[in-house]
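Before we start, here is the structure in question, set down as structure tokens.
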Amino acid sequence: MRRAHSMPFGATVHADGVVFRLWAPAARSVELRLIRGAGEAIDLPMASPDGGWYALATDAVRTGDLYYFVIDGELTVPDPASRFQPRDVHGPSEVIDPASFEWRDAAWRGRPWHESVFYELHLGTFSPEGTYAGASQWLDYLADLGITAIELMPLSEAPGARNWGYDGVLPFAPEHHYGRPEDLKSFVQAAHARDLMVFVDVVYNHFGPEGNYLGHYAPPFFTDRHATPWGAAIDFAGPQSRVVRDYFIQNALYWIEEYHIDGLRLDAVHEIYDESTRHFLVELAETVRSAVASERHIHLVLENDDNAVQYLGRDEHGNPRLYDAQWNDDIHHVLHVVTTGDVSGYYADYSGQPLRKLARGFAEGFVYQGENSAHRGGRRRGAPSRHLPPTAFVSFVQNHDQVGNRALGERIGALAPADAVRAVAAIYLLAPFPPLLFMGEEWGAPSPFPFFCDFGPELSDAVREGRRREFERFPEFTDEAALSRVPDPLAPETFLSAKLDWSLLAHAKHAEWLIFYRDLIALRRQEITPRLKYMRSADAEWHVEGDEILDVRWTLADGARLQAVISLSREGVARAPAEPRGRLIFSTSPDVAQTMPLRRLPPWFVAWYLDAPGERR
């Protein structure tokens, strides 16, 4: 089976040649520069019929040829819709024929959303090889762990040999340091063969600071009406924004159709500004869902610091109208505060009565539903979310942001007691929210995940200094000696420190962690997942006793009642909570959890009970 997404720009291979199209409304002329094997360059003029579009159809180009666009006879740029950049962001683009890859997963239809158990990974640091092929060797391991969805951090070509991916500038070109396009397709196909979905993290709110040439010949891509923390804002509402919107919508379709990707995670959509009557996020979701229709399961996930709810609504059957879910930072933040005691930065918003905040997040989705956020200068944040089902909120205790945005990139295991980590894992893996693990979390990987990049010399010093300034306001980094501990993001050893050391799995401590996570995920698959399909609202109740004991009860789709009794005290709690109902399915202290009525609870206590209709007397 052959797959190729039909794009209105870039290089398109036909039986009789290749058609090139580039939108360059600020250019006076555009030429196609072909790079031959011996370095010889041949320039071919491109016609400009209308609307700033330049086009050329030629039989002088073959699959595998390298090319640039030459703007006004002076500026040489890669194709902004390049399918592959074998020589990095400043190098030539390669003509790729996507139909040359023979797919063997025609029967794959994906998996329903309620089965999602995510595993986020960075391809460069996940395996020793740091490639698609290297990651493929661990697919059986992930399937055995119980993972159902692999989430790849951004793949867009970024400058240099190492990057998180959020500095990408060529969103149609998978990072060449991980392998060729056919290697990525082989990875996706191998994942599907093991019943694993593959998601790609995409960045539609900005371009990286190096290698983005669009401003020179297509300035309508950007606007000065808004700004993002990472550079110029994309103009989704200007007079020429139709092409801009199409560029990113085509990118979403490209990943789903040409690479058979099962879903997208849209990064930081609160930094996507659009005053149009039909917001870009609405148009993108509607277009994607219309294009795929009922052929297979396709899922869309947001990261949105605004805690907006308008994109997460369900229809009368419980199916998402636009987006399946949002990353729920609120749940992470309150769990982090409770387990580590850290109340710096945005964690300060979760420091008062954290168990009550956790209860609200568990029962209603967001913790902040319109309340003022002190961290954000008193600005109101969020909207009521109780009407949404738990499946609309992806929960986690680690991800690339929450680990990597720390000065030293420490994981939760370096910040909290082992019993606390075990308790929060039992909380988020068995709650009715889709859970997300960060690579290596399941075996207690000690490797940090610091911020790393590989910009050219003109940006290096500014990035280093900016990283240091970012942490100067934190009390633990007020002196120069402390600041000197912040890893240099440009240093190769910073990147290497983030690589997982899989040999540690041979150690008993890490093997025990892996068994613990695997058993929890298996329990979720058996007891929780089948009862989540078509949930239409949270339908939950919660009670907190003295900010020491949390009791949350959900009514699941099949009428079963799921109950969590939680005490995240470091010393234990003497009082007794209300008597639970149903069958005990898990506890950090089974002997305590099975004794009714419950008496003194030990430190870091978690118990889950299930009262299923068929089991009631």
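Does Pro417 meet the test of being within 30 Å of Glu476 (Cβ to Cβ), surrounded by fewer than 22 Cβ atoms within 10 Å (Cβ to Cβ) and either of a type in the set (Phe, Trp, Tyr) or touching a Leu at 6+ places or on another chain (Cβ under 7 Å) (or both)?
Taking the combined requirement at face value, the residue does not satisfy it.
So which of Pro171, Pro128 ends up being modelled with pLDDT of 95 or more and under 18 Å from the mean Cα position of the chain (by Cα)?
Checking each option against the conditions leaves just Pro171.
Mind listing whichever residues of segment 569-617 are touching a Ser or Thr at 6+ places or on another chain (Cβ under 7 Å), of a type in the set (A, V, I, L, M, F, W, C) and in a loop (DSSP other than H, G, I, E, B)?
Once the filter is applied, which keeps residues that are touching a Ser or Thr at 6+ places or on another chain (Cβ under 7 Å), of a type in the set (A, V, I, L, M, F, W, C) and in a loop (DSSP other than H, G, I, E, B), segment 569-617 yields only Trp604.
Can you tell me which residue is farthest from Ala363 (Cα to Cα) among those in segment 527-550 that are of a type in the set (Asp, Glu), outside any loop (DSSP other than H, G, I, E, B) and touching a residue at least 40 places away in the same chain (Cβ under 8 Å)?
Top of the filtered list is Glu527.
Would you check which residues across segment 400-414 are modelled with pLDDT of 95 or more, in a loop (DSSP other than H, G, I, E, B) and surrounded by fewer than 20 Cβ atoms within 10 Å (Cβ to Cβ) and list them?
Within segment 400-414, Glu410 is the sole residue that qualifies.
What about Gly110, is it small (Gly, Ala, Ser), more than 17 Å from Pro181 (Cα to Cα), in a loop (DSSP other than H, G, I, E, B) and at pLDDT 95 or above?
Judged against the criteria, Gly110 is a match.
Under the condition of being within 19 Å of Val337 (Cα to Cα), at pLDDT 85 or above and among the small types (Gly, Ala, Ser), which residue from segment 531-585 is surrounded by the most Cβ atoms within 10 Å (Cβ to Cβ)?
Applying the filter and picking the extreme gives Ser567.
Just one of the numbered conditions (1) in contact (Cβ under 8 Å) with a residue 12 or more places away in the chain; (2) closer than 26 Å to Phe187 by Cβ; (3) in contact with a helix residue (DSSP H, G or I) (Cβ under 9 Å, 6 or more places away or on another chain); (4) not in a strand (DSSP E or B) is not true of Pro8; which one?
Of the numbered conditions (1) in contact (Cβ under 8 Å) with a residue 12 or more places away in the chain; (2) closer than 26 Å to Phe187 by Cβ; (3) in contact with a helix residue (DSSP H, G or I) (Cβ under 9 Å, 6 or more places away or on another chain); (4) not in a strand (DSSP E or B), the odd one out for Pro8 is (2).
When only residues in segment 386-399 that are part of a loop (DSSP other than H, G, I, E, B) and among the aliphatic types (A, V, I, L, M) count, which is farthest from the chain's Cα centre (by Cα)?
Here the answer is Leu388.
Run down Leu300, Leu264, Leu284 and say which single residue is closer than 22 Å to Phe222 by Cβ and modelled with pLDDT of 95 or more.
Leu284
Another question about this same structure. What do you reckon, is Pro432 surrounded by 23 or more Cβ atoms within 10 Å (Cβ to Cβ), part of a loop (DSSP other than H, G, I, E, B) and over 18 Å from the mean Cα position of the chain (by Cα)?
When the stated conditions are applied, Pro432 passes them.
Quick check on this structure: which one of Gly73, Gly37 is touching a residue at least 24 places away in the same chain (Cβ under 8 Å) and in a loop (DSSP other than H, G, I, E, B)?
Gly73 is the lone residue from the list that is touching a residue at least 24 places away in the same chain (Cβ under 8 Å) and in a loop (DSSP other than H, G, I, E, B).
Only residues that are over 18 Å from Ala26 (Cα atoms), at pLDDT 95 or above and among the charged types (D, E, K, R): list them for segment 60-73, please.
Asp65
Let me ask something additional. Within segment 443-458, can one find any residue that is more than 26 Å from Glu493 (Cα to Cα) and in contact with a Ser or Thr (Cβ under 7 Å, 6 or more places away or on another chain)?
The answer is no; no qualifying residue exists.
Do you know which residues across segment 306-344 are among the charged types (D, E, K, R), touching an Asp or Glu at 6+ places or on another chain (Cβ under 9 Å) and not in a helix (DSSP H, G or I)?
Residue satisfying the conditions is Arg321 alone.
For segment 116-233, which helices (runs of 4 or more DSSP H) that fit wholly inside it have 2 or more residues that are free of Cβ contacts under 8 Å to residues at least 60 places away in the same chain and not hydroxyl-bearing (Ser, Thr, Tyr)?
132-136, 139-145, 181-193
Determine whether Arg28 is outside the structural domain of Asn251 (by TED's automatic domain parsing), over 19 Å from Tyr254 (Cα atoms), touching a residue at least 40 places away in the same chain (Cβ under 8 Å) and not in a strand (DSSP E or B).
Yes; evaluated as a whole, the condition is true for this residue.
Here is a follow-up. So in segment 444-499, with the set limited to residues that are touching a residue at least 24 places away in the same chain (Cβ under 8 Å), surrounded by 14 or more Cβ atoms within 10 Å (Cβ to Cβ) and of a type in the set (Lys, Arg), which one is farthest from Asp167 (Cα to Cα)?
Checked segment 444-499; the qualifying residue farthest from Asp167 (Cα to Cα) is Lys499.
Now for a separate question. Yes or no: Arg296 surrounded by fewer than 18 Cβ atoms within 10 Å (Cβ to Cβ), basic (Lys, Arg) and not in a helix (DSSP H, G or I)?
yes
Another one. Taking segment 507-526, which residues are among the hydrophobic types (A, V, I, L, M, F, W, C) and in contact (Cβ under 8 Å) with a residue 40 or more places away in the chain?
Result: Ala511, Trp513, Leu514, Phe516, Leu520, Ile521, Ala522, Leu523.
Hey, can you tell me all the residues within segment 147-193 that are among the hydrophobic types (A, V, I, L, M, F, W, C) and within 16 Å of Val89 (Cβ to Cβ)?
Result: Leu155, Ala158, Ala161, Trp164, Val169, Leu170, Phe172, Ala173.
A follow-up question, please. Filter segment 590-604 down to the residues that are under 17 Å from Arg575 (Cβ atoms) and in contact with a Leu (Cβ under 8 Å, 6 or more places away or on another chain) and list them by number.
Answer for segment 590-604, where residues must be under 17 Å from Arg575 (Cβ atoms) and in contact with a Leu (Cβ under 8 Å, 6 or more places away or on another chain): Val592, Ala593, Trp604.
Which of (1) part of a loop (DSSP other than H, G, I, E, B); (2) modelled with pLDDT under 95; (3) of a type in the set (Gly, Ala, Ser) is the odd one out, the single condition Ala383 does not satisfy?
(2)
Go through segment 531-566 and count every residue that is of a type in the set (Gly, Ala, Ser) and more than 30 Å from the chain's Cα centre (by Cα).
Looking only at that region, the number is 3.
Give the residue, chosen from Gly318, Gly352, Gly345, that is surrounded by 15 or more Cβ atoms within 10 Å (Cβ to Cβ) and at pLDDT below 95.
Result: Gly318 is the single residue among Gly318, Gly352, Gly345 that is surrounded by 15 or more Cβ atoms within 10 Å (Cβ to Cβ) and at pLDDT below 95.
The values are calculated or read from the model by the stated rules, or taken from the named source; none is laboratory data. Please read all numbers here as calculations on a predicted model, not as lab measurements. Because the Cβ atoms are built from the backbone with ideal geometry, glycine has one as well, and the counts that use them run over all protein chains shown.
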